[in-house]
Amino acid sequence: MQSEHRTSVLERADVQAVQIYDTVVVGAGAAGIGAGTVLSEQGIDFAILEASNRVGGRAFTDDTSLAVPWDHGCHWFHDAENNPLVAWADALGVRYEKQTRIDHFAYWRDGAFCTPDLLRAARAATMGTYEAIDAAARTGRDAPLEDFIDRETFWSEGVRAVLRTVAGQEPRLVSSLSFGGGDGDGGDWPLIDGYGTLFEKMARDLPIHLSCPVDQIEEKETGVVLRAAGARFYARTAILTPSTNVLASGALGLSKGPAKDVVDQLHVAPCGAYEKVAYCVPELPGEVRGKLFCMIDPGHGKPAFDVELIDGEQPLLLVHVSGDVASELAAEGKDALNAFTDNLLRLAFGQKFLDSVSGRAATSWTSNHWIQGSYSNPRPGMFQAYQNVLAQRTGRIKFAGEAFSRTAPSTAHGAFQSGCEAAKSCLRLIEGD
């Protein structure tokens, strides 16, 4: 292609001061890396601008805060048998575990661990709720997930906790149409080496500029001009991959146009609040040994929370805190979050267990300026509005990320696939110029 065409939107005096590409990708998370793999395979001249000092976005494997690495964000290959990232893990030597979930959870409620009979009742209540949500989705009913919880059962808080954890926010704030059908039936496999580790390896040869936050984007007739970290970039097409909360915050400085129109409507599908606190312990408590999860339900109408159990040479407990409590604790700071999860573990396992903890670390997704939350879900009654947003044409600026995945929303592989699709859209535009 001729440079005359590529720089036609720029003042001639500015050409030497601008970095010029066919495509600029904003964000080096799952979607940005997905876009980068497609653009690289096609030999396109492109750059990925990442605001933070690392790649991966909401996939981050922390190997410094504790004695063993742990995932702050996504950790599971959802719909694993159909997940395209499994092949990447195989090719790059990133380990995962093929799990079959049988008798995999414990449940502590109001002073005692539940018997096997009660556990079966709890599972039945949870699966019944899922089935009711799926049935409603098939009829097109757009209602809050909260409507499908039987509030009169012994397990209502546990069921609410499961929905809250899977959705990343309170069930009353999530549309049943976005939730119905789940992520597919291909199983959930944890990444032993970490999801962040996988994306780091996938991104290794991509042209990524770290600590390069974009704060101004202007779409012209034949290209896009971006400002990032004091530098100017020109591209024939651009792909924006930040979270819906970051996009809606106005941080990217989008000028008026079809892309800005999409961003102005993203309040229909905000990111929730979801934090984890990880504990290193000498051994897992006997009551939960051999399990994958333990629900801690204080009873008396107080919210329940899920604890992930990772056994091994250095066992870990990960307390998952999402929804309203996560929002409140994030506003108070990590000390408040740590104190809350300490008290939760003390309820189920006692002070002696808590005294045995050798290390503890917490996430900070809600207060992270470049993320601002967990993952997105359309609000109740807003699902069709959300679909309309996804269908809008946005010219030379494309969007990608878990929020823009039609097939696997709220997942890492959905984000990755959406990045691949956005890159293909950009290729078609470039070929048509």
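The values are calculated or read from the model by the stated rules, or taken from the named source; none is laboratory data. Because the structure is a prediction, the values reported are computed rather than measured. Glycine gets a Cβ as well: all are built from the backbone with ideal geometry, and neighbour counts include every protein chain shown. Just so you know, the surface numbers come from the protein's heavy atoms only, side chains and all, with ligands and any DNA or RNA stripped out. Shrake-Rupley method; radii C 1.70, N 1.55, O 1.52, S 1.80 Å.
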Report task. Considering only segment 245-276, state which residues are farther than 24 Å from residue 21 by Cα, touching a residue at least 60 places away in the same chain (Cβ under 8 Å) and either of a type in the set (Asp, Glu) or part of a loop (DSSP other than H, G, I, E, B) (or both). Result -> 249, 261, 265, 269, 270, 272, 273, 275
Query raised in the report: Only one residue in 322, 358, 376, 367 is touching a Lys or Arg at 6+ places or on another chain (Cβ under 7 Å) and polar (S, T, N, Q). Which one?
Result: 322
Report summary line: For segment 215-226 the number of residues that are within 26 Å of the chain's Cα centre (by Cα) and open to solvent by 10 Å² or more (accessible area, probe 1.4 Å) is 2
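Conditions tested, residue by residue: (1) in contact with a His (Cβ under 7 Å, 6 or more places away or on another chain); (2) assigned to a helix (DSSP H, G or I); (3) on the phi < 0 side of the Ramachandran plot; (4) touching a residue at least 60 places away in the same chain (Cβ under 8 Å).
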position: 278; (1), (2), (3), (4): no, no, yes, yes
position: 296; (1), (2), (3), (4): no, no, yes, yes
position: 299; (1), (2), (3), (4): no, no, no, yes
position: 302; (1), (2), (3), (4): no, no, yes, yes
position: 306; (1), (2), (3), (4): yes, no, yes, yes
position: 312; (1), (2), (3), (4): no, no, no, yes
position: 317; (1), (2), (3), (4): no, no, yes, no
position: 326; (1), (2), (3), (4): no, yes, yes, no
position: 329; (1), (2), (3), (4): no, yes, yes, no
Requested in this report: State all residues of segment 77-93 that are open to solvent by 40 Å² or more (accessible area, probe 1.4 Å) and either more than 25 Å from residue 167 (Cα to Cα) or in a strand (DSSP E or B) (or both); if no residue qualifies, say none.
Outcome: 87, 88, 90, 91, 92, 93
Query raised in the report: Which of (1) under 17 Å from residue 179 (Cβ atoms); (2) in contact with a Pro (Cβ under 6 Å, 6 or more places away or on another chain); (3) surrounded by fewer than 20 Cβ atoms within 10 Å (Cβ to Cβ) does residue 380 not meet, given it meets every other one?
Result: (3)
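Yes/no per residue for (1) in contact with a His (Cβ under 8 Å, 6 or more places away or on another chain); (2) of a type outside the set (Asp, Glu):
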{"residue": "18", "(1), (2)": "no, yes"}
{"residue": "22", "(1), (2)": "no, no"}
{"residue": "28", "(1), (2)": "no, yes"}
{"residue": "43", "(1), (2)": "no, yes"}
{"residue": "66", "(1), (2)": "no, yes"}
{"residue": "77", "(1), (2)": "yes, yes"}
{"residue": "92", "(1), (2)": "no, yes"}
**Report entry** Yes/no for residue 96 being on the phi < 0 side of the Ramachandran plot, surrounded by fewer than 20 Cβ atoms within 10 Å (Cβ to Cβ), in contact (Cβ under 8 Å) with a residue 40 or more places away in the chain and hydroxyl-bearing (Ser, Thr, Tyr)
**Finding:** no
Query raised in the report: Out of all the residues in segment 161-178, which are over 21 Å from residue 386 (Cα atoms) and open to solvent by 30 Å² or more (accessible area, probe 1.4 Å)?
Result: 162
Requested in this report: Name every residue in segment 112-154 that is touching a residue at least 24 places away in the same chain (Cβ under 8 Å) and not in a helix (DSSP H, G or I), in order of residue number.
Outcome: 113, 140, 141, 142, 143, 144, 150, 153, 154
Query raised in the report: Of all residues in segment 345-372, how many are over 30 Å from residue 250 (Cβ atoms) and assigned to a loop (DSSP other than H, G, I, E, B)?
Result: 3
Report summary line: Scanning segment 117-142 for residues that are of a type in the set (Gly, Ala, Ser), surrounded by fewer than 16 Cβ atoms within 10 Å (Cβ to Cβ) and farther than 25 Å from residue 101 by Cα gives 140
**Report entry** Criterion (among the hydrophobic types (A, V, I, L, M, F, W, C), at pLDDT 95 or above and in contact with a Phe, Trp or Tyr (Cβ under 6 Å, 6 or more places away or on another chain)) met by exactly one of 35, 47, 28
**Finding:** 47
Requested in this report: Can you tell me which residue within segment 251-267, out of those that are within 27 Å of residue 59 (Cα to Cα) and open to solvent by 50 Å² or more (accessible area, probe 1.4 Å), is nearest to the chain's Cα centre (by Cα)?
Outcome: 267
Report summary line: For residue 389, the lone unmet condition from (1) open to solvent by less than 10 Å² (accessible area, probe 1.4 Å); (2) more than 18 Å from the chain's Cα centre (by Cα); (3) modelled with pLDDT under 95 is (3)
Report task. Identify the residue in segment 394-408 that is open to solvent by 30 Å² or more (accessible area, probe 1.4 Å) and touching a helix residue (DSSP H, G or I) at 6+ places or on another chain (Cβ under 6 Å) and, among all such residues, is nearest to residue 24 (Cα to Cα). Result -> 398
Report task. Return yes or no: is residue 330 open to solvent by 20 Å² or more (accessible area, probe 1.4 Å) and modelled with pLDDT under 95? Result -> yes
Report task. Kindly indicate whether residue 352 is closer than 30 Å to residue 40 by Cβ, at pLDDT 95 or above and open to solvent by 20 Å² or more (accessible area, probe 1.4 Å). Result -> no
Query raised in the report: When segment 374-412 is examined, which residues are found to be in contact with a Gly (Cβ under 6 Å, 6 or more places away or on another chain) and under 27 Å from residue 143 (Cβ atoms)?
Result: 374, 375, 402, 405, 408
Report task. May I ask you to list pairs of residues, at least six apart or on different chains, whose Cβ atoms are under 6 Å apart, with the first in segment 71-84 being in contact (Cβ under 8 Å) with a residue 60 or more places away in the chain and the second being aromatic (Phe, Trp, Tyr) and open to solvent by less than 20 Å² (accessible area, probe 1.4 Å)? Result -> 71/195; 74/195; 75/195; 83/77
